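Before any comments, here is the structure.
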Ligand code: MLC
Ligand code: AMP
């Protein structure tokens with residue numbers, strides 16, 4: 001059973017989920033989510049506008065109870081993203097909130113509805129969630145994730161982090177990705193613990209959560225950067241049991257500063273939408289700044305160069321492949337892309353380049369492709385932004401890259417060849433089509449782009 005503690009017979013808990021100032025007891029959650037399940041039973045797929053609200057939690061949990069796959073949609077999506085995600089996923093309705101002018105029927109989520117019907121547990125191999133994630137080019141790809149993968153992934157993390165029903169997790173991450181939704185909402189629901197969602201991930205909000213009993217706090221490195229910049233708030237986190245970072249590389253100076261301020265050595269873990277979390281440091285083991293830990297229980301990893309295995313000697317740098325029971329089995333509607341990354345022997349080619357030590361510790365060196373950018377922990381395809389910018393009448397050529405940034409990890413910079421136009425106009429043009437985090441932070445106007453003899457833009461010469 002995916003969420004064993006969410007049965008009508010489980011003991012009530014007055015504050016099992018808090019999102020901002022809104023709170024659900026276990027009874028509220030089970031009653032209202034089961035009422036959601038009754039409304040959508042038999043649907044093929046539903047979309048949820050994943051705002052940080054208790055309604056989003058009720059919609060997702062309701063669909064999980066009914067066994068209906070959910071597509072959580074970033075609430076600030078632009079028209080291109082809405083259209084693509086709805087069409088590609090085959091969503092039949094919006095569950096709960098909907099964007100203005102919804103093109104699908106809207107099924108309301110009633111916060112105070114109650115049903116105590118017992119739904120049978122859906123098959124473990126059935127799709128629970130379809131998460132969309134960017135590739136180097138084209139529109140985001142859907143990743144169907146089964147109930148079994150989620151259960152395996154969360155149990156492996158519980159083992160590494162000694163995560164139990166006694167934990168209260170706090171974070172303020174978006175509810176449409178692996179980090180904020182699978183780990184951050186389904187994690188505490190599977191363990192039977194509590195969740196405090198802070199709506200926005202500020203240092204003060206994390207301090208307040210720690211002050212009201214949060215034992216675990218999750219953040220992307222940009223969030224830990226914010227916390228490190230606020231010593232008074234950071235001190236409050238000393239009371240927690242464990243701080244966890246993931247979704248992007250945690251800079252060593254941030255690790256060190258958080259240790260000074262809180263006494264905690266951040267637990268770092270590595271994962272992807274396609275694989276869930278596969279590697280982590282352990283709460284009862286060594287944390288090594290700059291390294292992401294060892295494979296979780298049930299996970300195998302290897303380094304490969306030109307098809308040949310590389311030694312795990314702490315020095316050899318190669319393509320990281322992972323295999324484990326929490327992995328998805330392919331992209332939705334994309335057999336070609338699936339065949340490129342899911343290998344015949346069951347390993348997944350992550351696209352990340354890594355080093356593995358003789359002791360099993362992993363260090364992520366970077367990504368093989370320059371066209372995948374990680375900014376603030378969001379994965380962003382350069383090609384998607386380039387396509388939008390090329391549609392602007394003043395833009396003739398464009399190359400989008402991620403440049404190193406102390407706060408965001410990478411920030412999006414667009415190199416543009418074209419007619420005179422204000423940089424703000426181009427940034428707003430992207431914001432009109434795509435989610436906010438895909439806006440370039442900077443536009444650099446150039447006479448021409450560096451190209452090789454074949455005419456291909458040489459992005460390595462930019463930045
Ligand atoms: C942003 N701003 C811009 C801009 N972009 N202004 C001008 N031009 C641009 N291009 C403005 C915003 O409008 C805002 O203004 C201000 O800059 C700050 O933006 P913000 O979004 O509030 O904060 P920011 O510091 O940019 O974001 C930090 C963050 C966010 C940590 C809150 O990046 C975030 O939520 N990241 C989480 C990503 C995540 O969950 N990834 C997990 C993927 S799953 P104003 O005026 O509004 O303040 C995965 C698997 C795994 O990776 O391993 O977990
Ligand atoms: P996403 O699909 O958004 O889950 O992004 C997955 C990518 O995030 C991985 O392929 C890595 O490049 C990166 N990533 C996730 N966690 C870490 C980490 N702890 N250190 C370095 N990179 C990470």
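See the values below:
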{"quantity": "The chain: calculated mean residue ellipticity at 222 nm from DSSP helix runs of at least 4, using -39500 (n - 2.57)", "calculated": "-7500 deg cm²/dmol"}
{"quantity": "Rounded if a/c under 1.5, otherwise prolate or oblate - the stretch 376-461, Cα gyration tensor axes", "calculated": "oblate"}
{"quantity": "Theoretical gain in end-to-end length, residue 15 to residue 260 [0.36 nm per residue, Cα-Cα removed]", "calculated": "85.0 nm"}
{"quantity": "Antiparallel bridges, percent of DSSP beta bridges restricted to the chain (to nearest 5)", "calculated": "65"}
{"quantity": "Length released on extending from residue 441 to residue 125, taking residue separation times 0.36 nm less the Cα-Cα span", "calculated": "109.6 nm"}
{"quantity": "Cα-based shape type of the stretch 266-366, given that a ≥ b ≥ c are square roots of the gyration tensor eigenvalues and the cut on a/c is 1.5", "calculated": "oblate"}
{"quantity": "Shape call, the stretch 292-349: gyration tensor on alpha carbons, a/c limit 1.5", "calculated": "oblate"}
{"quantity": "Contour excess over end-to-end distance, with Cα ends at residue 424 and residue 313 and 0.36 nm allotted per residue", "calculated": "35.2 nm"}
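No lab work stands behind these numbers, since they all come straight from the coordinates. Given the structure is predicted, the values throughout are model-derived calculations rather than measurements.
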